[in-house]
Amino acid sequence: MTAIKAESRRPADETLGEALRSHGISRRGFLKFCATTASLMALPPAMIPVVASALEKARRPSVIWLSFQECTGCTESLTRSHATTIESLIFDHISLDYHHTLQAASGTAAEAAREAAMRDNHGQYLLIVDGSIPLGNPGYSTIAGVSNLDMLRETAEGAAGIIAIGTCAAYGGLPHAAPNPTGAVSVSEIITDKPIVNVPGCPPIPVVITGVLTHFLTFGTLPELDSIGRPMAFYGQNIHDRCYRRSFYDRGLFAETFDDEGARKGWCLYKLGCKGPVTYNACATTKWNNGTSFPIESGHPCLGCSEPDFWDMGGFYRTLSMPTGHFSTALGYGVAIGAAAGLASALLGRSERDKARSAHEKVSVDDLDKGGSS
Amino acid sequence: MNFTDATRSRVEISAEADLTHNVRPLLHEIRHALQQLSQTGETHVIDLRRIPMAPGEEARILELLGEGEIKATLTVLGRSTIIETAYAGVWIITHYNESDEILGRFIEITDAPAILKSQKEEIALAAAQLFKMLSADQPTKEETRNDSDQS
């Protein structure tokens, strides 16, 4: 799949099968492409012939990628996908007609490219969004003088479907964290009349991003989704159930600190705040960095980054089941997680920070994490 | 054996280490699939990317399966290796990209992986190409006559 280079850009009406053949890719090469593509889409190996049949006829869709309140981490993640290089993604699989970071054009020419793609492919193009959309004040985030809100509405109107990449676009993410100063919201809170696929993660796993794009390319449809709009193929099982440390949890063997015996022996990280039991993602199987490992394998608890409001879950290192201690004492809360606890944390923390600032005291990371109440 | 490319940087542990015990269940799955192949001819494929392996487990599984008599390399869209394990009918297929990074690794329980066989479409094409080559080389009647006149 990476053999086809930029200079051999495919005509829009050429199918993928035709393109591979015209570049001398053998039937064996096509089978290899189909096997890795089926794996990429988390499809069972028995589906490889179906993928082969669909890919044979696949045509390049036009894609417009809009970036709003984001850190570019999602694009960074995508461009490090080892399974499908960005070059082949751009030139072979999709026609990426607009992407701030990756396109050569800028200013008026860039906006003209977006408008042309919208006009020429009306009703058929795929819209990808990363970043949340500020509702508090249009001036918080604009592109070419157009507010994020207006650009999203205008571009979504002619889209066949929308993929919200990253937790910011899917659920608001970091900009939405309490106290949400920009009034950040997700794509689905604005656009309600288009099919939307949420691909959350901070950032999402590269092959999950390309897997969803490839699904659209292969079948021309969006994949089956869970109750909060995520593809079941990648977000259908939770980290805890698929974690290789699960057997330690079942036997009550936990790391209590990052350097104790349990940590050294690779025991369960639940007591160190692991959000694996409430997090749905493919990290435990797909892993990161070319399948090298994932956070838990590296000895760090899962932060739950593919879940809504993960920034406000009450602290990255707070055990899920633990009553919030200082929270419950100070404010009478009985639960450790959720938006209410996050809001309490933020308010309590802000109060402490204000006090510290006025007294010229330094606030440590630990103070921030514990809401400043310890 | 050089199966450990994907796990070279991982912490090496023994199969006896008290982790997820993926090694034994997966070998049982292969055993069941082999029985099925033997009795009914039904093939089976396991995508190793879909299984939550603990560090070192994949390398251990591959080590236990060992290497058999056939080791083939496919060179298209990057390298692919097709290796029959020490257990007849159990094949390890590893696909690499052009940067030699692993794209996917499959255990196929079959008499011969489909990717190893000559492909039907290309067999037909090969016959046509060979015919064309031979036709081009064949002297025309005129050339044959001239040759015989000269002799």
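Can you sort A:ILE205, A:ILE165 so the residue with the fewest Cβ neighbours within 10 Å comes first?
A:ILE205, A:ILE165
Through the Karplus equation 6.51 cos²θ - 1.76 cosθ + 1.60, θ set to phi - 60°, convert the phi angles of segment B:93-102 into ³J(HN,Hα) values in whole Hz; use x for Gly and Pro.
Whole-Hz 3J(HN,Hα) from phi for segment B:93-102: 10, 10, 9, 10, 8, 6, 8, 6, 8, 6.
Any chance you could check the Cα centroid distance between segment A:225-292 and segment A:39-78 for me, in angstrom?
Their Cα centres are 25 Å away from one another.
So what's the net charge close to A:ASP241: Lys and Arg +1, Asp and Glu -1, counting the other residues with Cβ under 14 Å from its Cβ?
Taking every other residue near A:ASP241 into account, the sum is +4.
Just flag the GluC sites (Glu not before Pro) in segment A:188-278 sitting in loop per DSSP whose Cβ has no more than 13 other Cβ atoms within 10 Å. Each step should come with its number before you reach the end.
Values: sites: A:GLU189, A:GLU224, A:GLU256, A:GLU261; in loops: A:GLU224, A:GLU256.
Passing sites in segment A:188-278 are A:GLU224, A:GLU256.
Apply the Karplus parameterisation 6.51 cos²θ - 1.76 cosθ + 1.60, with θ equal to phi minus 60°, to every residue of segment A:34-49 and state each ³J(HN,Hα) to the nearest whole Hz, in sequence, with x for glycine and proline.
3J(HN,Hα) across segment A:34-49, in whole Hz: 5, 5, 6, 5, 4, 5, 4, 8, 6, 8, x, x, 4, 7, 4, x.
Over what distance in Å are the Cα centres of segment A:92-125 and segment A:131-206 separated?
Segment A:92-125 and segment A:131-206 have Cα centres separated by 18 Å.
Rounded, prolate or oblate: which fits segment A:60-234, taking a ≥ b ≥ c as square roots of the Cα gyration tensor eigenvalues, rounded meaning a/c under 1.5, else prolate when a/b beats b/c? Write down the numbers at each step before the final one.
Values: a/c = 1.41, a/b = 1.12, b/c = 1.26.
The shape class here is rounded.
Quantify how strongly other chains surround peptide B:63-76 by giving the mean number of their Cβ atoms within 10 Å of each of its Cβ atoms.
Numbers: counts 0, 0, 0, 0, 0, 0, 0, 0, 0, 0, 0, 5, 2, 11.
The shielding value for this peptide is 1.
Once you average over the residues of B:108-117, how many Cβ atoms of partner chains fall within 10 Å of each Cβ?
Mean partner shielding for this stretch: 2.
So what J values fall out for segment A:130-143 if you push phi through Karplus, 6.51 cos²θ - 1.76 cosθ + 1.60 with θ = phi - 60°, rounded to Hz, Gly and Pro as x?
These are the phi-based 3J(HN,Hα) values: 10, x, 8, 10, x, 9, x, 7, x, x, 4, 8, 9, 10 Hz.
May I ask which of A:LYS32/B:LYS120; A:LYS287/B:LYS71; A:LYS32/B:LYS117; B:LYS71/B:LYS120; A:LYS32/B:LYS71 have a Cα-Cα span longer than 19 Å here?
On the way: A:LYS32/B:LYS120 16 Å; A:LYS287/B:LYS71 28 Å; A:LYS32/B:LYS117 13 Å; B:LYS71/B:LYS120 22 Å; A:LYS32/B:LYS71 17 Å.
Checking Cα-Cα distances, A:LYS287/B:LYS71; B:LYS71/B:LYS120 exceed 19 Å.
Using a 10 Å cut-off on Cβ to Cβ distances, tally the other chain neighbours for every residue of B:43-51 and report the average as a whole number.
Whole-number average of other-chain Cβ neighbours for B:43-51 is 5.
Cut-off is 10 Å between beta-carbons; in what order do A:MET47, A:MET232, B:MET53, A:MET118 appear when sorted fewest neighbours first? Don't skip to the end; give the middle numbers.
Values: A:MET47 16, A:MET232 13, B:MET53 26, A:MET118 21.
Going from least to most buried by this count: A:MET232, A:MET47, A:MET118, B:MET53.
Given points 7 Å out from each Cα along the Cα-Cβ axis, report the A:GLU261 to A:VAL146 separation in nanometres with one decimal.
6.3
No value in this document is a laboratory result; all are computed from the given coordinates. All values reported here derive from a predicted model rather than from experimental measurement. We place every Cβ from the backbone using ideal geometry, glycine too, and count neighbours over all the protein chains shown.
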